[in-house]
1. Would you tally the residues in segment B:232-243 being touching a residue at least 24 places away in the same chain (Cβ under 8 Å), more than 9 Å from every other protein chain (Cβ to nearest Cβ) and part of a helix (DSSP H, G or I)?
2. Can you name the residue in segment A:551-567 that is at the interface with another protein chain (Cβ under 10 Å from one of its Cβ atoms) and over 27 Å from the mean Cα position of the chain (by Cα) and, of all such residues, is surrounded by the most Cβ atoms within 10 Å (Cβ to Cβ)?
3. Examine segment A:369-388 for a residue that is acidic (Asp, Glu), within 14 Å of another protein chain (Cβ to nearest Cβ), part of a helix (DSSP H, G or I) and under 30 Å from B:Lys303 (Cβ atoms), and state whether such a residue exists.
4. Checking the structure you have, find out if any residue of segment A:740-748 is within 23 Å of A:Asp799 (Cα to Cα) and either in the same structural domain as A:Ala647 (by TED's automatic domain parsing) or among the aliphatic types (A, V, I, L, M) (or both).
5. Scan segment B:113-121 and tell me whether some residue there is over 30 Å from A:Val604 (Cβ atoms), surrounded by fewer than 19 Cβ atoms within 10 Å (Cβ to Cβ) and within 11 Å of another protein chain (Cβ to nearest Cβ).
6. Of the residues that make up segment B:90-106, is at least one in a helix (DSSP H, G or I), more than 10 Å from every other protein chain (Cβ to nearest Cβ) and modelled with pLDDT of 90 or more?
7. Please indicate, with yes or no, whether at least one residue in segment A:436-445 is outside any helix (DSSP H, G or I), among the aromatic types (Phe, Trp, Tyr) and closer than 25 Å to A:Ile482 by Cα.
8. Which residue out of B:Val263, B:Val259 is on the phi < 0 side of the Ramachandran plot, part of a strand (DSSP E or B) and either within 13 Å of the ligand (Cβ to nearest atom) or outside the structural domain of B:Val174 (by TED's automatic domain parsing) (or both)?
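The values are calculated or read from the model by the stated rules, or taken from the named source; none is laboratory data. Note that this is a predicted model, so its numbers are computed, not measured. Every residue, glycine among them, receives a Cβ derived from its backbone with ideal geometry; neighbour counts consider all protein chains shown.
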Amino acid sequence: MFVSYKWLAQYVDLSGVTPQELAEKITRAGIEVEGVETPASEMKNIVVGYVKEREQHPNADKLNKCLVDIGEDEPVQIICGAKNVDAGQYVAVAKTGAVLPGNFKIKRAKLRGEESNGMICSLQELGIESRLAPKEYAEGIFNFPNDVTPGEDALEALNRDDAILELSLTPNRSDALSMIGVAYEVAAILDRDVKLPEPNPAEADEKSADSISIRIDAPADNPLYIARVVKNVKIGPSPLWMQTYLMNAGVRPHNNVVDITNYVLMEYGQPLHAFDLDRLGSKEIVVRRAADGEKFVTLDDTERTLSSDQLVITDGKKPVALAGVMGGANSEVHEGTVNVLIESAYFDGQIVRTASKAHVLRSEASARFEKGVDPSRVQAACDRAAELMADLAGGTVLSGSVIAGDLSMEQKQVSITLEKLNTVLGTDLQMDSVEDIFRRLQFETETVGSEITVTVPTRRGDIAIPEDLTEEVARLYGYDHIPLTLPEGAVQPGSLSPYQLGRRIVRRYLEGTGFNQAITYSLTSSKRASEFALEQREPVALSMPMSEERAFLRQSLLPHLIEAAAYNNARQMASVALYETSSIYLNEGENVQPKEEERLAGVVTGMWHEHLWQGEKKAVDFFTVKGIVEGLAARIGLQDRLTFQKAAPAGFHPGRTAEVLLDSEPVGFIGQLHPSLAKEVDVKEAYLFELKLDVMLHAAREDLSYAAIPRYPSIGRDIALVVDSTVEAAALEAVIKHAGGSLLTSVRVFDVYEGQRMEEGKKSVAFALTYADPEKTLTDEEVTAVHEKVLIALKEQADAELRG
Amino acid sequence: MEQQLNELQSQALEKIAAAADLKELNDIRVAYLGKKGPVTEVLKGMGKLSAEERPKMGALVNVVRETIANAIEEKQTVLEAAAIEQQLALETVDVTLPGSPVKIGAQHPLTRITEEIEDLFIGMGYTVAEGPEVEQDYYNFEALNLPKGHPARDMQDTFYITPELLMRTHTSPVQVRTMQKHGGRGPVKIICPGKVYRRDSDDATHSHQFTQIEGLVVGENIRMSDLKGTLDVFAKKMFGADREIRLRPSFFPFTEPSVEVDVSCMCGGKGCSICKGTGWIEVLGAGMVHPNVLEMAGFDSTKYTGFAFGMGQERIAMLKYGIDDIRHFYTNDLRFLKQFSVHE
Ligand SMILES: [Zn+2]
């Protein structure tokens, strides 16, 4: 909402308050003023000029040589390129030394040998947007009507010396969608009076009711419809003050009748529509729901197909307006219009919203109906428009209004006690200060004991409950005056849940190993939504996505992490280690909330360790990620419960991927990104992991108890085994552990060899075994006895020979 | 014989003194004190001596032996020290060469802000509540005093999945769910961080996905001044002890009264490009919980009051670190992320 300071001053005394001060006060009281525009501040030396003579420039076809009276002793010669300039016009002249917007300075110049002392201006050159300039001045220079004097300040005449406050209104404050509404707000802030227009059109004997009758077939959608008839109007431009106020309010002037309806709309917040009475096909107005498929051409010359959830104004047969949204081309006021029907009605917000949404037509009118207009202004606005049409368009206002329907003008009453008010705010206000605030708001009050009852005017539809009164008091009392306190009462210690703490530990662990935390988008494409999913379900789809790229909910974190790795690879960052902890979403069926599972995923590519001048370089490989996952398991107390088993899920390298099992339940995968996929997304050899973080954290051990440090020495035995190449180390380890029993305290692989020195199809795996007894020092014989059992078991169960 | 021994001693001492390294010294030891050395030779000649002379000579031999051995030992200490010296000199490194790198990963700046805020409020007795990102219309809107068709729903363009399911537009549904769990009994004191979604085109200042953290306190005597005091603590901890807060009336359907909360700018009120010359920066929205919201969540609104506040971590991070484009948070460019591995 654009509020003209000069226009506003007609309703409330603004003396002593600059536009900037006013903006600050309005903002602090609750309506944010986003900016204050002062067009004249970037212009100077622009006056009204009278074009006494015009002739063609002797040396240029497209230029005019004008002699212009600018209120000085002698008229000045100005060369002007506008097609529409002519003798007898009053124009805006930027004198030599003038400044126009954009710090454009006007200097004396010679144009094709002819002297030019200034510039005749268009509205655009004076900072008015083309979309707001009247159509006839959308191009060329502007002509003043005849009531100006050469030499007077053109910016003042055009109300360019105004200040325009841009109000950003929250949905509850639709009362400020009008000059009068803003005036009430400002009056309350400044503690001044509101001066309202008192429309009282002089009426002819002829009655409006003789020209038109009204029937409402949909009273719920349209509880009140008021019409007035104004005859014999002369269509022409509206006066300059009205045009400039409209432009300052962001409305384009058209002609006097249309401008008046817009002016009253801005003034009262009540949308009006003017019909050409003679173009209505009948003498009646019928308001009804549209028929499904009914066609209607709106005044923007667009044919609309209507439906039964939309409301139309008809002449008894055909629609003449889409109620509250836009009039029809068939009954539009035009140059030849003589008799006008003014419509001032109350339409239900929802029905207007439905139509404006369906036809993508949002207008100043529909915006106000949607939010609810003040019922008490429907009649006043109609009268005001009629009066202005008499004054400014020479019309004859017929007697009386034609009124159909009935709308409650009842004012709500809301009560609150002083105690409640002070308790909620934490203040110590006295009743008289509270009463004074409501007096400033022009709300009637009645105080009984400590309870105040407020009668809320119909213009403030947002106030309905005691808390709304609290807010009115707080905002006008001033939040700065509310003290700073902290909640009283017993304080319980706050904490993270064990799960939340676990998540933080996992994050810190990964960051400690060199992984950077990534956050990627949850929404993805159809293709990505199913890639790498641990569990394949139909992905959850948005009903109205903004793009195909963000149309589905992801089921794995990996696709976007891989994308991030590729992004970094493409920018000379060859070594990438990224992890993310985020949710994935599993479809649970139509209209059921998807199952959200928190996952931990990572991508790592390039060098894991690099220390060049000492010749150290270790590229990332499968065992890098495996080590990280094992370390993670150790960090959260799951090291003995995690196992890895060869797997080949889609998207992974079939020979370098393992399924991760927690107590034999699958919790994710680790492995190399399939090389062909890597090529497709343009990422180097990359290793991935994705784990069910929620499952792992819930399984994580929370208790920690101390185990005694061994007091007796351990004895080590190394063995090198020859086995088939396909035998997995874990299988051998399992045999060793089982046979070794309680004396075997650790088994570690320390060498794996497969190659020339081995028989075809065989490999050597070497283990370091450690034996110890917590109760005593083991003897060599005791160890040998157990170790023999291990070797026998290896031979029998794994066909493993000791390497000679 | 005595003379022979004395000569031998001075000869040995001379050689010991001249020995340049441990090997030479060892050779001397072997040469003079070894089984085939001259001292032993002298001892062998003792058989020819008389019984009276024998012990005397024996003692002398021992003295010579001991003298030589002591000299060798002394020399050995000196030579060993020199050898170590030499070894250390050889082992000297260029301490200005780069160390073996230890990787330090960075926490995402949004997580960093989130955890900082969580910790601050945990310290004030709050717990951290979380909830689903795909929500029912009821929890995201209706239970927050936003019935279907409410004009304020336009304020938050929503990604719907079905007419009843949507991507949550704020973390407020977590507040509703938590309040419901309390079964109408206070106090509730929670902070709710999480991802939220709005139907916005991504540009420098908009993101269809972003993060929010909201706080809620419901109790029997919770006042607007408590909200103000709490947020004052927050602003001072987050932005600096010299910062102030300012409340401006605003509108949210779920709070009444509602306020926007500004934090004083680091320019100290002089006005700069960050505060657009006003001296204040809009940081969060807040208010007293609307009685409808309390009632729908099972709290008696005549008995209980509460305050709620909410903010976007992106905005806080942008202000705190001077980040100019919201898309940086979701691009995961290492050159961006790695800047946040430093602990403040
Ligand atoms: Zn500043």
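1. 5
2. A:Ala565
3. Going through segment A:369-388, the residues acidic (Asp, Glu) turn out to be A:370, A:374, A:383, A:387.
Right, trim to within 14 Å of another protein chain (Cβ to nearest Cβ) and you get A:370.
Now narrow it down to the ones that are part of a helix (DSSP H, G or I): A:370.
Keeping just the survivors that are under 30 Å from B:Lys303 (Cβ atoms) gives none.
Scanning segment A:369-388 turns up no residue that is acidic (Asp, Glu), within 14 Å of another protein chain (Cβ to nearest Cβ), part of a helix (DSSP H, G or I) and under 30 Å from B:Lys303 (Cβ atoms).
4. Kept after step one, since they are within 23 Å of A:Asp799 (Cα to Cα), are these residues of segment A:740-748: A:740-741, A:744, A:746-748.
Imposing the further condition that a residue be either in the same structural domain as A:Ala647 (by TED's automatic domain parsing) or among the aliphatic types (A, V, I, L, M) (or both) reduces the set to A:744, A:747.
Taking every residue of segment A:740-748 in turn, at least one turns out to be within 23 Å of A:Asp799 (Cα to Cα) and either in the same structural domain as A:Ala647 (by TED's automatic domain parsing) or among the aliphatic types (A, V, I, L, M) (or both).
5. Yes, segment B:113-121 contains at least one residue that is over 30 Å from A:Val604 (Cβ atoms), surrounded by fewer than 19 Cβ atoms within 10 Å (Cβ to Cβ) and within 11 Å of another protein chain (Cβ to nearest Cβ).
6. Taking segment B:90-106 and keeping what is in a helix (DSSP H, G or I), we get B:90-91.
Those still in the list that are more than 10 Å from every other protein chain (Cβ to nearest Cβ) too: B:90-91.
Next cut, modelled with pLDDT of 90 or more only: B:90-91.
Yes, there is a match, as at least one residue in segment B:90-106 is in a helix (DSSP H, G or I), more than 10 Å from every other protein chain (Cβ to nearest Cβ) and modelled with pLDDT of 90 or more.
7. First pass over segment A:436-445, keeping only residues outside any helix (DSSP H, G or I): A:441-445.
Then keep just the ones that are among the aromatic types (Phe, Trp, Tyr); that gives A:443.
Next cut, closer than 25 Å to A:Ile482 by Cα only: A:443.
Yes, segment A:436-445 contains at least one residue that is outside any helix (DSSP H, G or I), among the aromatic types (Phe, Trp, Tyr) and closer than 25 Å to A:Ile482 by Cα.
8. Details: B:Val259 fails: either within 13 Å of the ligand (Cβ to nearest atom) or outside the structural domain of B:Val174 (by TED's automatic domain parsing) (or both).
Answer to the selection: B:Val263.
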